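Reviewing the structure listed below.
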Amino acid sequence: MNYPKVKRNVLLNPGPATTTDTVKYAQVVPDICPREKEFGDIMRKMGEDLVKIVHGSLDKYTAVLFTGSGTINIDACVNSLVPANKKILIANNGAYSARGVEVCEYMHIDHINLESSITEPLDPAKIEEVLKKNKDDVAVVYCCHHETGTGVLNPIREIGAIAHKYGCTMVVDTTASYAMIPIDMEKDNLDFVMASAQKGLMSMTGLSYVIGNTEMIEASKNYPTRSYYTNLYMQYKFIKEKGEMHFTPPVQTIYATEQAIKEYWEEGEIGKWNRHQSLWTAIYEGLDRLGFKTIIPREYQSKLVISVLYPDDDNFDFVKIHDYCYDRGFTIYPGKVSDLPTFRLCTLGAIFPDDIKDFIVCLEEGLKHYGVKVPCVYK
Ligand SMILES: *Cc1c(COP(=O)(O)O)cnc(C)c1O
């Protein structure tokens, strides 16, 4: 490849992620109509790879692709998978599971909003209690695997087992864990998972996908239809019969994602997960040295997002520190732990422990530049 190197930014925000130049340049292709067989072949192969990444058998699971950001999957699953006169139980412990609740509210879908502390993982026993009481009503259990707002990881395998014990479909928002933390559809008791190309796969924005149990998608044919553009069955059927997405696909993002999947297989599931964990360790080494406190106990964390508490220092101004780091190629991100003054550092993307070392040096310089005490002070 003879393209020039692109200026490299280290994105520590929760997606889109830092991408490789090979993925960026994979978008530069001759113009093509996406209704051509050549393009359809790329999409079919990609759909199969997306299922294989979560160890799904192609006989049992299928990938349904959408043009849109990750929230389109939440919309599609929630609006398409709840049968008439049934409810969806949403185990809600953060901003992203709350989004599932919001979709229900917007579409007037019967739901149970089971709220729990956003700083702790979901408790499967509490979910079981609700299912026991509402056996005949609840048809779908929904939760988020890794709550990106806090960095809390939820025990989906245990929750999935309970959902299945009560005959429910298990739907999980894995947008912030897919292709980062190993996931296995069967072993983890999952029927539907979802993700977006710009997160774990380190590709471009605009392509999202639901990986789901094919029989269950077929069964949803007879469920109430609540959306036209994001009906799961309609999109599934079109892809199955025509080998194309129903409406215009994000052509260039699909080329980028084809390359990103190639790079995913090269790095390997475990190699990639180990790299994410090594970034988390490197960030903590730096934060500990600079005296920062974090919010979520380490044993509850996904190791993909760290919520850092602002120091009690009048000179600490997140925007100034953000801008200082941004100007030097590092993007940090505001927090989302209720009203607590926090910011987030994430370990997504094509980045390495040396990038984190460089970032910590930059962060320390920024703090000193603005007169923030190092090590940080907390009252
Ligand atoms: C990023 C993300 C989404 C999707 O957000 P978009 O802004 O629509 O891409 C959904 N769920 C989780 C857990 C996420 O991290």
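The values are calculated or read from the model by the stated rules, or taken from the named source; none is laboratory data. Since the structure is predicted, the reported quantities are computational estimates derived from the model, not experimental observations. Cβ placement follows ideal geometry from the backbone for every residue including glycine, while neighbour counts extend to all protein chains displayed. Protein only, heavy atoms only, side chains kept; ligands, DNA and RNA dropped before computing areas. Shrake-Rupley method; radii C 1.70, N 1.55, O 1.52, S 1.80 Å.
Within the set of pairs 6+ apart or on separate chains, which have a first residue in the stretch 58-74 that is part of a loop (DSSP other than H, G, I, E, B), a second that is more than 7 Å from the ligand (Cβ to nearest atom) and open to solvent by 50 Å² or more (accessible area, probe 1.4 Å), and C-beta atoms under 8 Å apart? Pairs that qualify, where the first residue is part of a loop (DSSP other than H, G, I, E, B) and the partner is more than 7 Å from the ligand (Cβ to nearest atom) and open to solvent by 50 Å² or more (accessible area, probe 1.4 Å), are Leu58/Glu48; Leu58/Lys52; Lys60/Glu215; Ser69/Thr205.
Using the structure shown, decide if Tyr229 is without any contact (Cβ under 8 Å) to a residue 24 or more places away in the chain, open to solvent by 40 Å² or more (accessible area, probe 1.4 Å) and among the aromatic types (Phe, Trp, Tyr). When the stated conditions are applied, Tyr229 passes them.
In the stretch 120-149, which residues are at pLDDT 95 or above and within 16 Å of the ligand (Cβ to nearest atom)? Pro121, Leu122, Tyr142, Cys143, Cys144, His145, His146, Glu147, Thr148, listed by residue number. Are any residues in the stretch 138-156 more than 20 Å from Lys87 (Cα to Cα), assigned to a strand (DSSP E or B) and open to solvent by less than 10 Å² (accessible area, probe 1.4 Å), and if so, which ones? Within the stretch 138-156, His146, Glu147, Val152 qualify. In the stretch 186-204, the qualifying residues are those that are farther than 25 Å from Ala26 by Cβ and buried (at least 24 other Cβ atoms within 10 Å of the Cβ), and the one that is nearest to the chain's Cα centre (by Cα) is Phe192. For the stretch 205-221, a tally of residues being in contact (Cβ under 8 Å) with a residue 60 or more places away in the chain and open to solvent by 40 Å² or more (accessible area, probe 1.4 Å) returns 3. Within the stretch 102-119, the set of residues being buried (at least 20 other Cβ atoms within 10 Å of the Cβ) and within 16 Å of the ligand (Cβ to nearest atom) comprises Val103, Cys104, Ile118. Within the stretch 35-51, the set of residues being under 12 Å from Ile261 (Cβ atoms) and open to solvent by 90 Å² or more (accessible area, probe 1.4 Å) comprises just one member, Lys45. Open to solvent by 50 Å² or more (accessible area, probe 1.4 Å), free of Cβ contacts under 8 Å to residues at least 12 places away in the same chain and either in a loop (DSSP other than H, G, I, E, B) or not polar (S, T, N, Q) (or both): is that true of Glu129 in this structure? Against the criterion (open to solvent by 50 Å² or more (accessible area, probe 1.4 Å), free of Cβ contacts under 8 Å to residues at least 12 places away in the same chain and either in a loop (DSSP other than H, G, I, E, B) or not polar (S, T, N, Q) (or both)), Glu129 qualifies. Among residues belonging to the stretch 58-95 that are surrounded by fewer than 24 Cβ atoms within 10 Å (Cβ to Cβ) and within 9 Å of the ligand (Cβ to nearest atom), point out the one that is farthest from Val251 (Cα to Cα). Looking at residues that are surrounded by fewer than 24 Cβ atoms within 10 Å (Cβ to Cβ) and within 9 Å of the ligand (Cβ to nearest atom), I get Ala95. Within the stretch 157-175, the only residue that satisfies the criterion of being open to solvent by 10 Å² or more (accessible area, probe 1.4 Å) and within 12 Å of the ligand (Cβ to nearest atom) is Thr175.
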